[in-house]
Amino acid sequence: MISLCKSSSSFPTLLGANVEHPSELEMGTLKPVLQKRPSGIFWDRNDAETADPIVLRNLRKVYRAPTKSGVHVAVHDMNFGVHLGECFGLLGANGAGKSTLLHLLQGRLRQSSGAVQCNGLIALMPQKAAIDWSFPITVEQMVKLGKPLHQASTPHQCVDSLLEEVGMNGMGSRRLNQLSGGQQQRVLLARALMQNASVLLLDEPCSAIDPPTRAHLLKVMRQQADRGQTLLVSSHDWGKALDSYDRVLVINKQLVANGTPSEVRSTITDMDGMMGDCCA
C-alpha cells in the first residue's frame, strides 16, 4: 500500500510506482478500484447460473457490535439481480446498507453468508468524501489513474474525450484542489469510465451537487447503459432522478421494494418519510 503524501517531491514516485491495479486516492492511501473477482466471492460467466452481470442470493453482512445481540446487521437476506446493460438504482437512506452492498460486490468486504455473483470486471466510483482532493495532481492525471490493466499508456485524446463527455472539456490541467463539488463528481465519473469495465458501481454520484450537474451525470449514465455497460447506482434521491433508472431497488438493510420507478412509487407511499432529506 502506498501512502499519499502532499509533498511534491514524492509525487513522481507515486506516479511511477509499480502499482498492480488502477487506483483511487482514498482514506489517505492508494487503493485498487478495478478488481478481478476474488476467489470465493465472484465466479466466471461460464460457471454462473445466470448470465446477469450481478446476482445476490440470501446475502447477509453482520459486524460485531456492543449491543445486546453482539452484532450489527448491515445487510440482511438480500436477493436481487441486475440485467446486462441496465441502469439500476439502489435507493435507501443514509445507513441503509447501500455502500456495504457496493463493497461486497467489489470484493472489499466478504459476506457473512449468502452468495455474490458478478460477471466481468468491476469499476467503482466512490463517494467524493472518500477522496483526498488536496493531493497535488491535475484532473488529467486523476482520470489516467483509471487506466485499464492491459493498457500500457493512456492517449491524451482519450482523456480529453472523457472529460468532454462529463462536461469538463479543457479542464485537464486544473489541480484537484481547484474543483467545485460538482466538478469533483464529474472527474470521478470520467475516471470510472476510463477503466472500461463491464460493470460500473457508483456510490452516491449525484449527492450534494446542483441540478444541472445532476442532470448531466444522469444523462451520461443513461448513455453508458444504452452502450451495453451495466450500472448499479446508489442514491438517496427520491426526486425526478428516479425516472433515469430502468429498475429501482429500495433497501433498509433488507429489501423493501424492487421494480420499475412507477412500480416502486406505487408500492411505497411515504418514501419521503422513509428516506429523510433527499434531492429534489
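The values are calculated or read from the model by the stated rules, or taken from the named source; none is laboratory data. Bear in mind that the values here come from a model prediction, so they are computed numbers and not experimental data. Cβ sites come from the backbone with ideal geometry, for glycine too, and all protein chains shown count toward neighbours.
Given 167, 172, 228, which one is on the phi > 0 side of the Ramachandran plot, buried (at least 17 other Cβ atoms within 10 Å of the Cβ) and in a loop (DSSP other than H, G, I, E, B)?
On the way: 172 fails: on the phi > 0 side of the Ramachandran plot; 228 fails: buried (at least 17 other Cβ atoms within 10 Å of the Cβ).
Answer to the selection: 167.
When residue 161 is evaluated against the numbered criteria (1) out of contact with any strand residue (DSSP E or B) (no Cβ under 6 Å at 6 or more places or on another chain); (2) touching a residue at least 40 places away in the same chain (Cβ under 8 Å), which criterion, by number, is the only one it fails?
For residue 161, the exception is condition (2).
What's the total number of residues in the range 120-147 that are touching a helix residue (DSSP H, G or I) at 6+ places or on another chain (Cβ under 8 Å), in a loop (DSSP other than H, G, I, E, B) and either closer than 20 Å to residue 221 by Cβ or of a type in the set (Ser, Thr, Tyr) (or both)?
Final tally of qualifying residues: 5.
Name the residue, out of 153, 173, that is modelled with pLDDT of 95 or more and polar (S, T, N, Q).
The match here is 173.
Looking only at the range 154-185, count every residue that is touching a helix residue (DSSP H, G or I) at 6+ places or on another chain (Cβ under 7 Å) and basic (Lys, Arg) and tell me the total.
1
For the range 261-273, state whether one or more residues are part of a loop (DSSP other than H, G, I, E, B), at pLDDT below 95, under 20 Å from the mean Cα position of the chain (by Cα) and of a type in the set (Asp, Glu).
no
Please state which of the following conditions residue 56 fails to meet, knowing it meets all the rest: (1) surrounded by 17 or more Cβ atoms within 10 Å (Cβ to Cβ); (2) out of contact with any Ser or Thr (no Cβ under 8 Å at 6 or more places or on another chain); (3) of a type in the set (A, V, I, L, M, F, W, C); (4) under 23 Å from residue 241 (Cα atoms).
Of everything listed in (1) surrounded by 17 or more Cβ atoms within 10 Å (Cβ to Cβ); (2) out of contact with any Ser or Thr (no Cβ under 8 Å at 6 or more places or on another chain); (3) of a type in the set (A, V, I, L, M, F, W, C); (4) under 23 Å from residue 241 (Cα atoms), residue 56 misses just condition (4).
Might you let me know whether the range 215-230 holds any residue that is under 15 Å from residue 92 (Cβ atoms) and within 17 Å of the chain's Cα centre (by Cα)?
No, that holds for no residue.
Among (1) in contact (Cβ under 8 Å) with a residue 12 or more places away in the chain; (2) touching a Leu at 6+ places or on another chain (Cβ under 9 Å); (3) not in a helix (DSSP H, G or I), where does residue 108 come up short?
It is condition (1) that residue 108 fails.
Is one or more of the residues making up the range 55-67 in a loop (DSSP other than H, G, I, E, B), touching a His at 6+ places or on another chain (Cβ under 9 Å) and either among the polar types (S, T, N, Q) or within 19 Å of residue 224 (Cβ to Cβ) (or both)?
Among the residues of the range 55-67, not one is in a loop (DSSP other than H, G, I, E, B), touching a His at 6+ places or on another chain (Cβ under 9 Å) and either among the polar types (S, T, N, Q) or within 19 Å of residue 224 (Cβ to Cβ) (or both), which makes the answer no.
Residue-wise test of (1) surrounded by fewer than 18 Cβ atoms within 10 Å (Cβ to Cβ); (2) part of a loop (DSSP other than H, G, I, E, B); (3) among the aliphatic types (A, V, I, L, M); (4) free of Cβ contacts under 8 Å to residues at least 24 places away in the same chain.
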site	(1), (2), (3), (4)
201	no, no, yes, no
205	no, yes, no, no
208	yes, yes, yes, no
215	yes, no, yes, yes
224	no, no, no, no
233	no, no, yes, no
237	no, yes, no, no
243	yes, no, no, yes
249	no, no, yes, no
